[in-house]
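> Sending over a structure as structure tokens; questions will come in a sec.
Throughout, read-outs are computed from the coordinates displayed, never taken from laboratory work. These numbers were taken from a predicted model, which means no experiment stands behind them. Every residue, glycine among them, receives a Cβ derived from its backbone with ideal geometry; neighbour counts consider all protein chains shown.
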Amino acid sequence: MKLLRMLGIALVAVAAVGVAGAQTWQPVTALPGSFGAAGAMALLTDGRVLVHDESGNSGTWGNWWTLTPDINGNYSTGTWTQVATMPSNYGPLYFGSAVLPDGRYIVEGGEYNFGNGEWTNLGAIYDPVANTWTSVTPPSGWSNIGDSPSVILFNGTYMQSSCCDEPPAAALLNASTLTWTSTGSGKFDIYDEEGLTLLPGGNVLDVDAYVSGYQSNGKNWETYNAGTGAWTSQGNTPEQYWDSAADCGGEGSASYELGPAVLMPTGNVFQTGANSCGAGHNGVYTVSTNSWTEAPDFPGTFDVADGPAALETNGKVLVFASPGIYNTGGQMFEWNGSTLTEAPNPPNGPGDSSYYGHFLMLPTGQIMFTDFSNDVELFNSAGSPYTGWNATLLLSNLVFTHGTTVKLNGFNFNGASQNNAYGDDFQDATNYPIVRFTNTATGHVFYGKTHGHSAMAVGFHGPAYTYVDIPSDIETGATKLQVIVNGIASQDYAIGIN
């Protein structure tokens with residue numbers, strides 16, 4: 001449980017820092033005065049970034065803003081716009097979330113509601129076209145959702161778990177009717193503080209934080225089969241990755257926090273850990289062999305007791321750690337598949353704890369970072385993009401009309417990975433196609449809203465399709481079209497817009 005009082009988020013002053021090599025941090029246009037502090041975020045399928053105001057100021061818990069890139073496609077000089085406020089009874093913090101295949105954004109539960117520790121079972125869906133929120137009734141019999149994890153399955157179905165209901169509870173959402181169907185039989189323990197990682201082939205990986213009755217098993221891990229709707233325990237991980245007072249042989253309560261897990265293009269999952277009495281343990285899960293190996297610990301007392309990680313376009317994993325549980329002194333690290341090294345910090349990094357941080361991969365290949373402050377930063381990676389996952393198109397028509405909807409067919413529309421992860425709550429996967437248009441004459445950039453993706457799998461080459469709405473305000477004439485997934489862009493396809 002992250003403590004709300006630690007979110008007494010005094011805005012952190014921005015100070016200059018040095019950076020190494022070609023890796024740099026770049027500030028985003030300053031937040032408007034009425035936007036207190038940026039927290040959870042999501043990449044809408046029209047290229048805008050949706051960001052939650054998590055300043056803790058009275059009356060702002062239901063407020064959301066969008067960042068729209070400028071006419072040249074730059075997010076650093078984009079425009080902030082406040083969008084519709086959530087239903088009047090719902091102002092969550094630390095919640096499940098996802099961008100649905102139809103382009104809407106769902107928020108479920110919350111460890112807090114309007115600053116009160118409720119482990120609420122409320123939910124709402126945002127429609128970015130209508131600019132409205134619609135309340136979602138919780139699954140029947142659920143008393144809690146809280147900060148429990150969620151995931152979009154390979155077939156596009158949203159799966160939400162309950163943090164604390166016994167027996168362990170999860171349900172699948174029918175996005176058309178906003179009704180739920182129970183799933184997840186055989187779960188070893190409750191879902192609280194755990195993370196759900198979508199794997200190639202459609203299974204879901206879960207490293208357990210503790211079992212029913214809150215008694216530590218230590219190292220159990222399990223997988224969910226979307227075909228059967230059942231969990232299967234798979235044995236023990238090499239190390240315990242969640243925090244517990246028992247790690248130190250001591251008495252008393254534990255935080256039960258866990259670090260994020262990120263699937264890499266290699267087919268390995270990098271799982272980070274938390275540890276209250278020393279460095280966080282890390283591990284690598286190999287999907288093809290269904291097996292684990294140890295990875296280097298974080299140095300010193302660094303760990304990730306909730307916090308973000310993201311797959312960079314160079315194939316490495318960027319992760320934000322801090323010393324001990326909930327302490328400040330944050331530091332960026334980079335995992336290249338064999339070694340863990342320090343990466344340049346954003347301005348506020350040294351004053352942050354890992355759980356302050358949120359990562360989001362943008363269509364530009366930059367990683368956006370928020371930390372409950374008024375400073376939003378973009379990370380520019382070094383190195384060439386990883387290969388084999390660029391989307392390709394099968395175009396039967398080379399002239400599109402503005403204001404219409406077009407079906408695009410091709411391959412690699414869902415990428416190698418969900419790309420972004422957190423310890424438990426706050427999911428912002430980007431394994432769906434984004435379509436960018438660049439006018440050849442002016443260089444001006446436009447994004448079309450995608451929806452109706454044929455799949456939401458990872459590690460899936462296709463064939464696949466999506467639908468894209470050609471913007472009504474797009475400039476006509478010769479245009480370059482790109483499909484982008486997880487910041488990896490396709491080649492330019494020459495089309496015409498009329």
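> I want to check the label-to-label distance for ASN155 and THR341. Put each point 7 Å from Cα in the C-beta direction and report it in nm to one decimal.
Calculated label separation equals 4.4 nm.
> Highest first, please rank the peptides 46-53, 174-181 by the mean number of other Cβ atoms sitting within 10 Å of their residues.
46-53, 174-181
> Also: So what J values fall out for region 50-60 if you push phi through Karplus, 6.51 cos²θ - 1.76 cosθ + 1.60 with θ = phi - 60°, rounded to Hz, Gly and Pro as x?
Per-residue couplings from phi come out as 9, 10, 8, 7, 10, 6, x, 5, 4, x, 9 Hz.
> Where Lys and Arg each count +1 and Asp and Glu each count -1, what net charge lies around PRO139 among other residues with Cβ under 12 Å from its Cβ?
That works out to -2.
> From the phi of every residue in region 99-112, what ³J(HN,Hα) in whole Hz does the Karplus formula 6.51 cos²θ - 1.76 cosθ + 1.60 yield, where θ is phi - 60° and glycine or proline is x?
So the Karplus estimates, Gly and Pro as x, are 8, 7, x, 8, x, 7, 10, 10, 10, 10, x, x, 5, 10 Hz.
> Right, here's the next one. Scan around LEU100 for amide H atoms under 5 Å from its own, H built in the peptide plane at 1.01 Å from N, and keep only partners 5 or more places away or cross-chain.
Here the answer is TYR105, ILE106, since their amide H atoms fall under 5 Å of that of LEU100.
> In nm, to one decimal, how far is the ALA230 label point from the ASN74 one, both placed 7 Å along Cα→Cβ?
5.7
> Right, here's the next one. In terms of Cα to Cα distance under 19 Å, which aspartates and glutamates are near enough to LYS449, apart from those fewer than 8 places away along the same chain?
ASP46, ASP70, ASP102, ASP127, ASP428, ASP469, ASP473, GLU475, ASP492
> Taking a virtual spin label 7 Å from the Cα of ALA478 along the C-beta vector, which residues in region 377-408 bring their backbone nitrogen under 18 Å of it?
Answer for region 377-408: 398-400.
> Something else: Taking 8 Å as the Cα distance limit and 6 or more residues as the minimum spacing, I'd like the relative contact order of the chain as a percentage.
15
> Which three numbers, in whole Å and largest first, are the semi-axes of the equivalent ellipsoid of the chain derived from its Cα gyration tensor as √(5λ)?
33, 24, 23
> Provide the net charge surrounding GLY383, with neighbours chosen by a C-beta distance below 12 Å and charges set as Lys +1, Arg +1, Asp -1, Glu -1.
Computed value for this residue: -1.
> Give me the net charge for the shell around SER233: Cβ to Cβ below 12 angstrom, other residues only, Lys and Arg +1, Asp and Glu -1.
-2
> Would you please give the residues with an amide H less than 5 Å from that of ALA40, counting only those at least 5 places away or on a separate chain, with H modeled from the backbone geometry?
The list, which skips near neighbours in sequence, is HIS52.
> Report relative contact order for region 392-497 in percent, whole number only (criteria: Cα-Cα under 8 Å, sequence separation at least 6).
For region 392-497, the relative contact order is 35 percent.
> Out of residues 5 or more away from ASP352 or on other chains, whose amide H comes under 5 Å of its own, with H placed 1.01 Å from N in the peptide plane?
GLY329, GLY330
> Run the reach check for LYS187 against lysines, Cα to Cα strictly under 28 Å, same-chain hits fewer than 8 apart removed. What comes back?
Within the straight-line limit of under 28 Å, LYS187 reaches these lysines: LYS2, LYS219.
> Ok, one more. For region 398-412, what does the Karplus curve 6.51 cos²θ - 1.76 cosθ + 1.60, with θ = phi - 60°, yield as ³J(HN,Hα) per residue in whole Hz, taken in order and with x for Gly and Pro?
10, 10, 10, 10, 4, x, 10, 10, 10, 8, 10, 10, x, 9, 6
> Let me ask something else about it. Which translational diffusion coefficient, to the nearest whole µm²/s, is obtained for region 262-353 from the Stokes-Einstein equation, given a Kirkwood hydrodynamic radius over C-alpha pairs, 20 °C and 1.002 mPa s?
162
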